[in-house]
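Data block below; observations after.
None of the figures in this text is laboratory data; all of them are computed from the coordinates on show. Worth saying up front: this structure is predicted, and the values here are computed from it rather than measured. FYI the Cβ positions are ideal-geometry reconstructions off the backbone, even for glycines, and counts take in every protein chain you see.
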Amino acid sequence: MNASSAMNNEPLIRIEAVERTFGGARRFLAPPSPLIHAVNGVTLTLRRGDALGVVGESGCGKSTLARMIMGIIPPTAGTIRYRDTDISSLRGADRRRLYRNIQFVFQDPQSSLNPRKTVREILEAPMKKLLNLDAAARERKARELMDRVNLRAEFLDRHPHEFSGGQAQRIGIARALAVDPDVLILDEPVSALDVSIQAQILSLLKELKSDLDLTYLFISHDLAVVDYLCEQVAVMYLGQVVEQGSVGEIFESPRHPYTHVLLRSVPEPGSHRPTRMELSGELPNPAALPAGCNFAPRCYRATARCRGEEPDLRGYGDGGHRAACHFADDPVPPPEDAITERNA
Amino acid sequence: MAVHSKFRRFFYNRLATVGLFIVLVVLVVSAAAPILPLTDPNQTVLTNRLLPPGSEGHPLGADELGRDMLSRLIWGTRVSLAVGLSATAIAALVGSLIGIFAAFYGGWLDNTLMRGIDMLMAFPYMLLALAIVAVLGAGLFNALVAISVVNIPFFARNVRGATVGLVRLEYVDAARLSGKSDMEVLFGELLPNVLPVIFITISTTVGWMILETAGLSFLGLGAQPPTADLGSMLGEGRKSILVAPHVATLPGLVILVLVIGINLLGDGLRDVLDPYLRSGALVSPRPATEVDTDLRRRLRSGDAVEPGTEVSPDGPGGNDGGGNDGGTVPLSVRELRTWFWQRSGRTSSAVRATDGVSFQVPRGAALGIMGESGSGKSVTALSVLGLVPTPPGRIMDGSIRFNGEELIGAPIERLRHYRGNRIAYIFQNPMTSLNPLITVGEQIAESVRHHQGVSRAAARERAQELMDKVQIPNAAARVDSYPHELSGGMRQRVGIAVALANDPDVIIADEPTTALDVTIQAQILKLLDDLRRSEGVSLVFISHDFGVISELCDRVVVMYAGQVVESGTVDEIYRHPLHPYTRRLMACVPRLGDRARALTAIPGLPPALDDLPTGCRFADRCDVVTDACREAPVELRGHGAREARCILVEETSA
C-alpha cells in the first residue's frame, strides 16, 4: 500500500500563472470594450485523490477557471497541465483524448441535458465517441451507470424533461462518469437544487469519490458545502487566489481578512446572533481594479501599504497554507465594532 | 404522449382544422390531376371561347381561347403549388443553414453572413424579385429562384435568433465534452431543437410565396403561355373581365381560398409548436386572482372557514379572535387554498399549490415561511393581494384579513389601494421587478405619487430620502441611474426602497437574498432587520434557508407540499423540531465547521400536487412512518405555543 500513498500525492492538474481577460477588443465605430481580468494569475495544483474546493463570490473567476481547464475557453496567459501534457491549447483528437481523463458536471442540470435526446443517447455518446465501445458494451455500461447514481435502468428511454432537478443532476454525473475519468470538474453542481435534494447529491458525490478513486475540483459559492465535501480549498477574490490550504486550516484559522469576512457572512441556523455587516461597499469594477491589494477598498485592516503594494501569495507553516495579505503573519478577525448589536 | 396531446390541441382549433381540410383537398386534387378525367388544359377550341360556367362538358366554362377552365384551374394550382412549395423548401434550406452556421460560429462569419442578409432585406422584396427575374429572364424556373432568394432572409434571421439562444446552453458544451465534433453538435444537438422554429417560419411564409409566384406570373414574368398557373390565368382573364368575369374570378378565388387555408393551418401549427404561445402568453391574466364562486357566496354569508377546519384557536399568535383585533395582528391568513387548474383534454384537475395554510403576523413581528420549491410558500405570499395569475390560479377556500378587513373577494379597487401601499412586496430578482427603461428614482417616486398624490418634485425628494434610508451610497447621484447600472445588491436595496415608499404595515419578502452573494446577503439582512425595528413594520420573510430565517425572524412556519407542517419560534424549531420533515431537513443541510457530521439525505421526492396521497404528505419519505399516517388526512395540531402536522407527536411533547 506504500505505492498507493505515493500515488496519492501525484499532481494531476497543474495550473500555472493562468490569466484570462475578456473584452479590450477594438470595435468598429465604437470605443474599445473595457478589458476585464476574469482570472488574474492563478497557480493551483490538484493532486490525485484530492477534493479541492474553489470558493468565492460571483465574478471572482472561479467558473472561468473551470472552463479553461475543460478547454471551453482558452487562457490568455499561463499553462494548464494534465500530468505532463500542456492542455491549454489542445485541439481536435488530442482534446478528445483528454476528455477521457477529465470530465465536467454542470451547474444547471436541466440545461446541460439536450431536451431532444433520451438518457440512453446522452450517456452513450461519450462511450461511443471517446471510448469506441460497441453497442452491447455501451448498453451494459449505461445500466451500470444508472445503478451507480441510484436511478432505475428503465429511465434510460426517457427524456430529460421527465426528471426532477435532482434526478437530472444524477444523469449529468452519470454522463461525466461514462468514460471512467480520473478527474471531475464540478461547477456549482448542487446550487440549483433544493436543500433536501442537495444532500442526496452531496452524499452521492462523496460515495463516488471513494468508490471510484476520483479527484474533484469543486467550484462553489457555498462554504458549508465545500467544508463537507473537500479536503483542500482555495478562496478567490477578483480573479486571484487570496488564500488556500486544507479545509480545516482555512475555515478554522483563516489568515486573509476576506476569508474571515466570508466565513462570518454565512448565516447560521438556529442562532439569533446579531446580523453582521463587515463588508462595506461592493466589488470594485473589474475593469478598473485598484492599485495594490484588490481587497483593500473593502478591508477592515487596510493601510497605505495595502493600497500601494500588491501582496504575494506566501506560505505559512508546513501544511501548504498560503495567503496573499501583508498581515497574514498576524491574522485578526473583523473587529467587534464592525458587528452591530441588535437594538432590540 | 407529447405528440398525441399536440394533435389534440391542434384539433381544438376549429379554424386550423378548416385550414388543414382546405390544404388537404387542394393537395389531393392537384396531385391527382394526371389521373382525373380532365381535358387537356392547353387544348384550344375556339368555338368554346368564353363559354360560361355550367356549360355541358365544361362545368366551369372556358377561357378566351376556349380552353377548359376546370382543367386549367387544377393544372394551374398544381404548378403554383409546386413552385411555391419548392421555393419554400429552397429558402428554408439555404436560410436555415446560413442562420445556424452564423449563430454557431459567431464572429466574422456571423457578421459577413448576416450583413449580406441585411443587404437583401434592404430592398423591397417584390422589387428585388422583379430585378432578379429581369436579369435572369422571364420563366417559371427563374421566378422560383427569385422567390427563394427574397425569402432566404426570413429563415436566416429566425433560425439564427433561435440558435443563438441555444449555442450558449450547457448541453452544447456537454456534447463537446462527450467527444462530438462541431458538425455533430450542429446537426445532432442543435438542429433538432431549432426544427420547430423552421417549421413555424415555413408555415407562415408558404402562403406568401404562393402569392408572390402568382404575382410574378400575373405580370407575365413567371409561367409562360400556354402553361397555366393561377397567376397567369388571372392575368389573362383580366382582359375579358367585363364580358366573361368567371375567367379572372375563378383563379382569384382559388388563390384566395388556398392562401387562407394555408395561413389558418400555419397559425394552428404555430400555436401548437411555439412554446411562447403555448404557455398561454395570449391569455391576459385578470387584475386579481379569481375567487371560487362558492367561496365568494360563503364569504358573503359569513361562514367561509368552517369552525371545524379552523386551526388551533389558542395556538400561535394568541387570540386571533376572528380578525377583530386587527390592532395587534395586521395580517392573518386562515385555511388558504389557492389551486391551479390545469386542463388536459376535456377534463381539468387541480394542482393544490396551497392547501389549508394558516398563519398570523403580529405588528412589528418577523415571520419566516420556510419551504422547498413547490411547497407553496410563494403562492401563499402572492395570494395575499390576489397576485396569483388567473388563469390558472383560483382561490378555493380560506380567509385573509388585513387589519380586520377580508381581502379574499375584496373589490379590485381595495386590492389596488393596498398593493405597494399598506402591503408591499420584495421579490427575489429585482431586475425583473424593476422597469429597465425608467430610472430607479423615478420608479420609487412613481409608487409615492400613485398612493400619496404628492407633486413630482416632492416625490423625487422622497425617493432620494428612501434611497438614503436603504443605505445606497451617494443617493443624490444614483437617483438618476437605470437598474442595469447598479449591482445586484444595490438593485435589491432599490427594491426595498420601493417597498418602503408608502410606510407599509406589512412587507412580504420572497427570497430577497437568494440571488445575492453571502457578503451582500449579510448586508441586506441587516438592513431589513434594522428597518423592521425602526419602522415597526411586520415582515413576512420567505426562504428555503433556515440559516437566513434564523438571523431575521422570531417565528417560523415550515411548509411542505402546500401545507404548514410545523410552526413555532426559531429557537424551538431549531432545538427541538416536532415534525419529521423539519427534523430531517435540518439534518441534511451541511454546516460550516461540522464536517465530521454525516449528511442524512431525505430520500425520494415531494408528492405531485395534483395527485396527493390521502394521509400524511410526507409519509413516503418519512423514517418513522406508520400505517396510521397514511389512513386519513393529518391535521395541524397545537402543542403549547407550537403546531405540528404529525400524528406521532405526543400531545404533551411540547
So, relative contact order of chain B in percent, Cα under 8 Å, 6 or more apart, is 11
Euclidean distance between Cα centres, segment B:551-576 to segment B:105-126, Å: 59
Taking the DSSP beta bridges in chain A as the whole, what percent of them are antiparallel, to the nearest 5? 60
Any chance you could get the radius of gyration and Dmax over the Cα atoms of segment B:63-121, in Å? 19.5, 61
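With runs of 4+ DSSP H residues as the only contributors, calculate the mean residue ellipticity of chain B at 222 nm using -39,500 (n - 2.57) per run, divided by the residue total and rounded to the nearest 500.
Numbers: 24 runs with 314 residues, N = 654.
About -15000 deg cm²/dmol.
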Does anyone have the angle between helix B:456-469 and the longest principal axis of chain B? Alpha-carbon axes, 0 to 90°, nearest 10? 60
Just the Cα atoms of segment B:384-495, one point each, no solvent: what log10 I(q)/I(0) does Debye give at q = 0.20 Å⁻¹? -1.07
Over all directions, the average projected area of the alpha-carbon convex hull for segment B:543-654 comes to how many nm²? 7.5
Over segment B:38-92, what is the relative contact order in percent, taking alpha-carbon pairs closer than 8 angstrom and at least six residues apart? 30
Within a 10 angstrom radius of each residue's Cβ in A:93-101, how many Cβ atoms of other chains show up on average? Whole number is fine. 2
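Calculate, in whole percent, how much of the Cα-Cα pair population of segment A:205-254 lies beyond 17 Å. Write out the running numbers ahead of the final one.
Details: 450 of 1225 pairs.
Looking at segment A:205-254, the distances longer than 17 Å represent 37 percent of pairs.
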Restricting things to alpha carbons, tell me how big chain A is in terms of Rg and Dmax, in Å. 21.6, 70
Starting from 0.36 nm per residue, how many nanometres of slack lie between A:Leu212 and A:Thr43 once their C-alpha separation is accounted for? 58.1 nm
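Where both partners of a DSSP beta bridge lie in chain B, what percent of those bridges are antiparallel, to the nearest 5? Don't jump to the answer; show the numbers that get you there.
Working: 34 of 55 bridges.
Among the beta bridges of chain B, antiparallel pairing accounts for roughly 60 percent.
Using just the helices of chain A, give the 222 nm mean residue ellipticity in deg cm²/dmol: DSSP H runs with n ≥ 4 each add -39,500 (n - 2.57), and the total is spread over all residues, rounded to 500. Mind dumping the intermediate values first?
Values: 11 runs with 106 residues, N = 344.
Result for chain A, helices only: -9000 deg cm²/dmol.
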Per the Kirkwood formula over distinct C-alpha pairs, the hydrodynamic radius of segment B:486-604 in angstrom is 15.9
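Compute the projected area of the convex hull of the Cα atoms of chain B, averaged over all viewing directions, and report it in nm² to one decimal place.
41.2
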Return P(r) of segment B:602-654 (all Cα-Cα pairs; 5 Å bins starting at 0; whole %; ordered from short to long distances). 4, 19, 26, 23, 17, 8, 2
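Kirkwood Rh, segment B:13-83, all Cα pairs: how many Å? Each step should come with its number before you reach the end.
Details: mean 1/r = 0.0763 Å⁻¹.
Computed over segment B:13-83, the radius equals 13.1 Å.
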Lysine-lysine proximity count for the protein assembly as shown, Cα under 26 Å, sequence distance 8 or more or distinct chains: 19
Output the 0 to 90 degree angle, nearest 10, between the alpha-carbon long axis of helix B:518-535 and the longest principal axis computed from the alpha carbons of chain B. 60
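Tally the DSSP beta bridges in segment B:505-642 and give the antiparallel ones as a percent, rounded to 5. All intermediate terms of the calculation are to be shown ahead of the outcome.
Working: 7 of 12 bridges.
Around 60 percent of the beta bridges assigned by DSSP in segment B:505-642 are antiparallel ones.
I'm checking a number: the convex hull volume of the Cα atoms of segment B:117-185, normalised per residue, in Å³. What is it? Please report the intermediate quantities before stating the final value.
On the way: hull volume 7.4 nm³, N = 69.
It is 107 Å³ per residue.
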Based only on other Cβ atoms within 10 Å, what is the fewest-to-most ordering of B:Met121, B:Met69, A:Met127, B:Met183? B:Met183, B:Met121, A:Met127, B:Met69
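Run the numbers for B:Ala82 and B:Ala632: contour at 0.36 nm per residue of separation, minus the present Cα-Cα distance, in nm.
Numbers: separation 550, 0.36 × 550 = 198.00 nm, distance 6.63 nm.
Going from the current span to full extension adds 191.4 nm.
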Rounded to the nearest Å, the spacing of the alpha-carbon centers of segment B:334-381 and segment B:135-156 is 57
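Kirkwood hydrodynamic radius (Cα pairs, Å) of the protein assembly as shown? Could the numbers behind the result be given before it?
On the way: mean 1/r = 0.0304 Å⁻¹.
Over the protein assembly as shown, the inverse of the mean reciprocal pair distance is 32.9 Å.
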Determine ³J(HN,Hα), in whole Hz, for all residues of segment B:494-504 in sequence, where each value follows from phi through the Karplus function 6.51 cos²θ - 1.76 cosθ + 1.60 and θ = phi - 60°; x replaces Gly and Pro. 4, x, 5, 4, 4, 5, 7, 3, 10, 6, x
Between the helical axis of B:69-105 and the dominant principal axis of chain B, each derived from Cα atoms, what acute angle in degrees is found, rounded to the nearest 10? 50
